[in-house]
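These notes are about the structure you will find just below.
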């Protein structure tokens with residue numbers, strides 16, 4: 001059996017680096033043919049290119065000449081001769097890389113800038129292993145219309161868990177989806193107690209090692225709101241049949257409740273290599289992709305209801321999804337700007353979701369969902385968020 005040809009978008013990020021670990025552990029199953037990254041760490045992507053022997057490399061920013069020299073230096077250090085991958089540079093580099101012929105495109109880009117690469121990957125007919133939830137959320141029906149049945153395989157741990165659990169029954173037998181949330185660093189705190197938490201506290205996630213935006217979104221539960229929208233779009237389950245439960249241990253990644261009352265859960269120690277491997281190998285599993293639970297040791301798993309007063313982001317995300325059109329794009333863009341303002345010390349933690357709610361209330365939507373209307377809505381949301389926050393003084 002020939003190894004699957006893999007393209008990795010966002011190769012220098014958390015998902016991308018772990019994906020290369022998965023490939024390294026199963027070289028008979030996977031072969032990396034192309035990589036892309038934002039360009040903030042040219043030395044790392046140069047090393048990755050040499051390590052994987054990628055045929056093409058893309059960077060959104062940075063000097064391609066510098067990247068070429070770094071690749072040459074890394075190849076010389078590794079004793080690799082005659083290695084000269086094609087280099088793409090500029091804002092559309094990942095989109096071009098996503099269109100390269102392959103079996104699977106892993107989209108590990110963070111943010112809605114992943115939309116164009118997502119559409120490009122779907123256009124090739126390759127399987128899309130999707131870790132870039134924002135592209136599906138802001139693209140909505142646009143992305144779904146571009147995808148053939150089964151072409152998108154989720155890589156988020158929660159949605160990977162749901163996809164696995166859904167194998168236990170038919171579509172008609174599904175009662176509801178239950179997404180688990182760790183609760184982040186502020187689990188159990190009241191809204192009043194959240195007013196004065198610091199950016200440093202927001203970045204101290206108890207389970208996952210993620211970037212600034214995703215970690216902050218996990219602390220506010222905006223990330224869980226985005227995941228609810230993603231689950232709704234991926235699995236065609238109505239929003240009122242998608243619940244969130246707080247599970248601090250992050251071992252049960254999500255569950256599916258069936259019409260007879262049976263609940264099927266997927267459990268494994270928190271390790272993104274498992275859903276990444278499943279995304280690359282779907283529908284087949286990759287042996288020893290990650291460690292299983294150790295049943296020789298006593299352990300306890302707990303579950304708690306979500307406090308929607310302290311953490312209103314999930315219900316706000318559902319409201320945005322119900323309105324459809326460009327409302328989810330506005331939700332995402334306004335949140336990104338508010339998170340930046342929070343880390344700059346311009347607003348309080350609780351102001352993040354409050355600001356998103358205000359901007360959403362001022363949005364009128366678009367009559368037609370296109371890439372252009374999504375980009376226009378995001379531009380409007382970012383500008384409106386800046387206007388809202390411009391008069392605030394530093395904390």
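The values are calculated or read from the model by the stated rules, or taken from the named source; none is laboratory data. Since the structure is predicted, the reported quantities are computational estimates derived from the model, not experimental observations. Heads up, the Cβs are rebuilt from the backbone with ideal geometry, glycines too, and the neighbour counts pull from every protein chain shown.
Some notes on this structure:
- Among the residues of the range 363-375, at least one is over 27 Å from residue 242 (Cα atoms), surrounded by 15 or more Cβ atoms within 10 Å (Cβ to Cβ) and touching a residue at least 24 places away in the same chain (Cβ under 8 Å).
- Among the residues of the range 370-387, some residue qualifies, meaning at least one is more than 30 Å from residue 144 (Cα to Cα) and not assigned by TED's automatic domain parsing to the domain that holds residue 238.
- Scoring residue 226 on the criteria (1) in contact with a helix residue (DSSP H, G or I) (Cβ under 8 Å, 6 or more places away or on another chain); (2) farther than 19 Å from residue 357 by Cα; (3) crowded, with 16+ Cβ neighbours inside 10 Å leaves a single failure, condition (2).
- Residue match in the range 310-318 (condition: farther than 28 Å from residue 109 by Cα and modelled with pLDDT of 95 or more): yes
- The number of residues in the range 63-99 that are at positive phi and surrounded by 18 or more Cβ atoms within 10 Å (Cβ to Cβ) comes to 0.
Per-residue answers, yes or no, for (1) modelled with pLDDT of 95 or more; (2) assigned by TED's automatic domain parsing to the domain that holds residue 370; (3) within 22 Å of the chain's Cα centre (by Cα):
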{"site": "308", "(1), (2), (3)": "yes, no, no"}
{"site": "330", "(1), (2), (3)": "yes, yes, yes"}
{"site": "334", "(1), (2), (3)": "yes, yes, yes"}
{"site": "339", "(1), (2), (3)": "yes, yes, yes"}
{"site": "351", "(1), (2), (3)": "yes, yes, no"}
{"site": "354", "(1), (2), (3)": "yes, yes, no"}
{"site": "358", "(1), (2), (3)": "yes, yes, no"}
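- Checking residue 345 against (1) touching a residue at least 24 places away in the same chain (Cβ under 8 Å); (2) out of contact with any helix residue (DSSP H, G or I) (no Cβ under 7 Å at 6 or more places or on another chain); (3) under 19 Å from residue 229 (Cα atoms), the condition it does not meet: (3)
- Residue count for the range 203-220, restricted to those that are in contact (Cβ under 8 Å) with a residue 60 or more places away in the chain and farther than 23 Å from residue 300 by Cβ: 10
- Among the residues making up the range 289-314, those that are in contact with a helix residue (DSSP H, G or I) (Cβ under 8 Å, 6 or more places away or on another chain) and surrounded by 13 or more Cβ atoms within 10 Å (Cβ to Cβ) are 289, 290, 306, 308, 310, 311, 312, 313, 314.
Here's the yes/no breakdown for (1) modelled with pLDDT of 95 or more; (2) over 19 Å from the mean Cα position of the chain (by Cα); (3) within 17 Å of residue 275 (Cα to Cα):
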{"residue": "220", "(1), (2), (3)": "yes, no, no"}
{"residue": "225", "(1), (2), (3)": "yes, no, no"}
{"residue": "233", "(1), (2), (3)": "yes, no, no"}
{"residue": "254", "(1), (2), (3)": "yes, no, yes"}
{"residue": "257", "(1), (2), (3)": "yes, yes, no"}
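- Given (1) in a loop (DSSP other than H, G, I, E, B); (2) within 30 Å of residue 364 (Cα to Cα), number of the condition residue 296 does not satisfy: (2)
- Counted as qualifying within the range 108-189 are the helices (runs of 4 or more DSSP H) with 2 or more residues that are under 17 Å from the mean Cα position of the chain (by Cα) and more than 19 Å from residue 231 (Cβ to Cβ), namely 115-124.
- Test result for residue 141, modelled with pLDDT under 95, surrounded by fewer than 21 Cβ atoms within 10 Å (Cβ to Cβ) and in contact with a helix residue (DSSP H, G or I) (Cβ under 9 Å, 6 or more places away or on another chain): yes
- Filtered residues of the range 173-189 (kept if under 22 Å from residue 240 (Cβ atoms) and either free of Cβ contacts under 8 Å to residues at least 12 places away in the same chain or in contact with a helix residue (DSSP H, G or I) (Cβ under 6 Å, 6 or more places away or on another chain) (or both)): 176, 177, 179, 181
- 1 or more residues over 25 Å from the mean Cα position of the chain (by Cα): qualifying helices (runs of 4 or more DSSP H) within the range 10-106: 42-52, 64-78
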